[in-house]
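Asks: One structure is given below, represented as structure tokens, and several questions about it will come after.
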Amino acid sequence: MLVKETYMTDDKTCEGCQEEGCSIGAQRSEESIEQMELTEQMSRIEHKIIVLSGKGGVGKSTVAANLAVSLSLNGNRVGLLDVDIHGPSIPKLLKLEGHKPGLRDNAIVPVEMSKNLKVMSIGFMLPKEDIAVIWRGPMKMNVIKQFLKDVDWGELDFLIIDSPPGTGDEPLSVCQLIENPDGAIIVTTPQEVALADVRKSINFCRQLKLPVLGVVENMSGFACPKCGEVTNIFKSGGGQRMAQEMNVPFLGSIPIDPQISESCDAGTPYIYHYSKTETAKAFQNAIQPILELSSDSKTIA
């Protein structure tokens, strides 16, 4: 049997078979419509920022949540999207467990934490918090597409996307689905074992032509809760040196602060409740490159 080469034509048929009901043509047409809907949805969001880490356990979700809260407290309309399918932690960090997204006009309505902050996570859709999500790549890709296309984010100044560790399906899917994201913030700890993986994250961004807005060094020393003095339990400055070596901006160091751990467990954003501390100021400094993306953004005092 001779199999002719097929391709799409303007009338959405395959030239190889000339059948108007061709399944390949219909699939391609559906994909084109989905892409148009996704593009239209993303056009309502001024800036899209991805928070990455090369290694797990560096406090990436904590940084992402506090950055989103900082931006919202600064008067910006912010969305926080958790695409960590296997280990969603944003609902816990923001004390939103048990909340469920709504449905309006065939669109998913995200959970509103405040007037200026909307949140979406697979964690909101699980029947129990300890349910394991056992999905392969294509399923994760479809859910991430749904979070971007079918969630009614509305008009936003910033969408902060909390991605799981590494350079796998989730961050790759986000970068492929969003046209021209504004950039990535990469979170690390000072130890070389984490820095080695962060270098891979930076190279991941470069291969995808995703701008690196900067590196945040988390758990950089221990901040005494009584006197505020910072003691370098592990080491310090590794993130800054690595950023200089890789020629990317360094956004600052965030020390280990017992109040951050307490805030995470209690589901209360640290930046909101401890805004006067040196650690909170470090979070505020980290959002300056994001604020600078928008010409009409205010500068945090």
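Asks: Let me spell it out: the conditions are (1) out of contact with any Phe, Trp or Tyr (no Cβ under 7 Å at 6 or more places or on another chain); (2) modelled with pLDDT of 70 or more, and residue 225 meets all of them except one. Which number is the exception?
Replies: Checking residue 225 against (1) out of contact with any Phe, Trp or Tyr (no Cβ under 7 Å at 6 or more places or on another chain); (2) modelled with pLDDT of 70 or more, the one that fails is (2).
Asks: Go through 54, 59 for me and flag whichever is at positive phi, among the small types (Gly, Ala, Ser) and either more than 14 Å from the chain's Cα centre (by Cα) or at pLDDT below 95 (or both).
Replies: On the way: 54 fails: at positive phi.
Checking each option against the conditions leaves just 59.
Asks: Mind checking which residues of the range 95-109 are closer than 20 Å to residue 149 by Cβ and among the charged types (D, E, K, R)?
Replies: Of everything in the range 95-109, those that are closer than 20 Å to residue 149 by Cβ and among the charged types (D, E, K, R) turn out to be 100, 104, 105.
Asks: Testing residue 121 on (1) of a type in the set (Ser, Thr, Tyr); (2) over 23 Å from residue 44 (Cα atoms); (3) modelled with pLDDT of 95 or more, one condition comes back false. Which one is that?
Replies: Exception for residue 121: condition (2).
Asks: Filter the range 90-112 down to residues that are free of Cβ contacts under 8 Å to residues at least 40 places away in the same chain and either in contact with a helix residue (DSSP H, G or I) (Cβ under 9 Å, 6 or more places away or on another chain) or surrounded by 17 or more Cβ atoms within 10 Å (Cβ to Cβ) (or both), then give me how many there are.
Replies: Count: 5.
Asks: Something else now. Going by what's in this entry, would residue 32 be described as surrounded by 24 or more Cβ atoms within 10 Å (Cβ to Cβ), free of Cβ contacts under 8 Å to residues at least 60 places away in the same chain and either among the small types (Gly, Ala, Ser) or assigned to a strand (DSSP E or B) (or both)?
Replies: Taking the combined requirement at face value, the residue does not satisfy it.
Asks: Can you pull out the residues in the range 113-131 that are surrounded by fewer than 16 Cβ atoms within 10 Å (Cβ to Cβ) and outside any loop (DSSP other than H, G, I, E, B)?
Replies: First, the residues of the range 113-131 that are surrounded by fewer than 16 Cβ atoms within 10 Å (Cβ to Cβ): 114-115, 125-131.
Correct list: 114, 125.
Asks: Still on this structure, please answer the following. Go through (1) small (Gly, Ala, Ser); (2) over 18 Å from residue 61 (Cα atoms); (3) in contact with a Leu (Cβ under 6 Å, 6 or more places away or on another chain); (4) modelled with pLDDT of 90 or more for residue 214 and report which single condition fails.
Replies: Of (1) small (Gly, Ala, Ser); (2) over 18 Å from residue 61 (Cα atoms); (3) in contact with a Leu (Cβ under 6 Å, 6 or more places away or on another chain); (4) modelled with pLDDT of 90 or more, only one is false for residue 214: (2).
Asks: Please indicate, with yes or no, whether at least one residue in the range 140-153 is among the β-branched types (Val, Ile, Thr) and over 14 Å from the mean Cα position of the chain (by Cα). Before you say what the answer is, go through the steps one by one.
Replies: Quick first cut of the range 140-153, residues among the β-branched types (Val, Ile, Thr) only: 143-144, 151.
Filter once more, keeping what is over 14 Å from the mean Cα position of the chain (by Cα): 143, 151.
Yes, the range 140-153 contains a residue that is among the β-branched types (Val, Ile, Thr) and over 14 Å from the mean Cα position of the chain (by Cα).
Asks: Check 96, 73 and return the single one that is more than 29 Å from residue 194 (Cα to Cα), in contact with a strand residue (DSSP E or B) (Cβ under 6 Å, 6 or more places away or on another chain) and at pLDDT below 95.
Replies: 96
Asks: Would you call residue 220 closer than 21 Å to residue 287 by Cβ, without any contact (Cβ under 8 Å) to a residue 40 or more places away in the chain and of a type in the set (Ser, Thr, Tyr)?
Replies: Numbers: closer than 21 Å to residue 287 by Cβ: yes; without any contact (Cβ under 8 Å) to a residue 40 or more places away in the chain: yes; of a type in the set (Ser, Thr, Tyr): yes.
Considered against the rule, which asks whether it is closer than 21 Å to residue 287 by Cβ, without any contact (Cβ under 8 Å) to a residue 40 or more places away in the chain and of a type in the set (Ser, Thr, Tyr), residue 220 comes out as yes.
The values are calculated or read from the model by the stated rules, or taken from the named source; none is laboratory data. Values in this document were obtained by computation on a predicted structure and should not be read as measured data. Neighbour counts are summed over all protein chains in view; Cβ atoms, including those assigned to glycine, are modelled from backbone coordinates with ideal geometry.
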